[in-house]
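To keep things clear, I will list the structure first and then write my remarks on it.
The values are calculated or read from the model by the stated rules, or taken from the named source; none is laboratory data. The model shown is predicted, which means the values in this text are computed figures rather than measured ones. Glycine also receives a Cβ, built like all others from the backbone with ideal geometry; neighbour counts cover every protein chain displayed. Areas reflect the complete protein model, heavy atoms only, side chains present, ligands, DNA and RNA absent. Shrake-Rupley method; radii C 1.70, N 1.55, O 1.52, S 1.80 Å.
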Amino acid sequence: MAVPLRLITGILCALVLGCGEESERCLPVAVDDVFASKCRVCHNQALEFGAPMSLDSWDDTQAPSTRSGVAVWEETSRRIHMDTRPMPPTGLPPLSAAELEILDQWIAAGAPPGECSE
């Protein structure tokens, strides 16, 4: 089984360079804005309405999904494009074309962290 380069880089960074916990990683502002306006009604730290994971932080998006085992950002990619079980779910305002584009571009780039603001 091949080990993802991102995992190797992260481990080397933590072990050799000492980076890690003290360096904060944040969601890109545009992604954070989409999550705040369309996702965190349910996907917050309290996990409202049966949401299985939080989308409050970049670290949340990198964790394995409790449903599929892939990273949450990869699961997000599938769910925002599903016809049968879309996210946001039927009955809530759907993602606009611009919001989908923001998430799609971030996901296509491998869901990297953004700049943290004060």
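As a summary of the residue check, S117 satisfies the conditions (1) in contact (Cβ under 8 Å) with a residue 60 or more places away in the chain; (2) out of contact with any Lys or Arg (no Cβ under 9 Å at 6 or more places or on another chain); (3) in a helix (DSSP H, G or I) except for the one numbered (3).
Give region 38-87 a look and list any residue that's under 14 Å from the mean Cα position of the chain (by Cα) and among the β-branched types (V, I, T), or say none. Within region 38-87, T61, T66, V70, V72, T76, I80 meet the criteria. Which of the residues that make up region 29-67 are open to solvent by 30 Å² or more (accessible area, probe 1.4 Å), at pLDDT 95 or above and not polar (S, T, N, Q)? Within region 29-67, V29, A30, D32, D33, A36, K38, R40, D56, D59, D60, A63, P64 qualify.
The C-beta contact set for region 26-41 (first residue closer than 17 Å to A97 by Cβ and touching a residue at least 12 places away in the same chain (Cβ under 8 Å), second residue assigned to a helix (DSSP H, G or I) and open to solvent by less than 40 Å² (accessible area, probe 1.4 Å), distance under 7 angstrom, 6+ apart or interchain) comprises V31/L103; V31/W106; V34/E99; V34/L103; K38/E99. Among the residues making up region 69-118, those that are under 24 Å from G50 (Cα atoms), among the hydroxyl-bearing types (S, T, Y) and loosely packed, with under 12 Cβ neighbours inside 10 Å are T84, T90.
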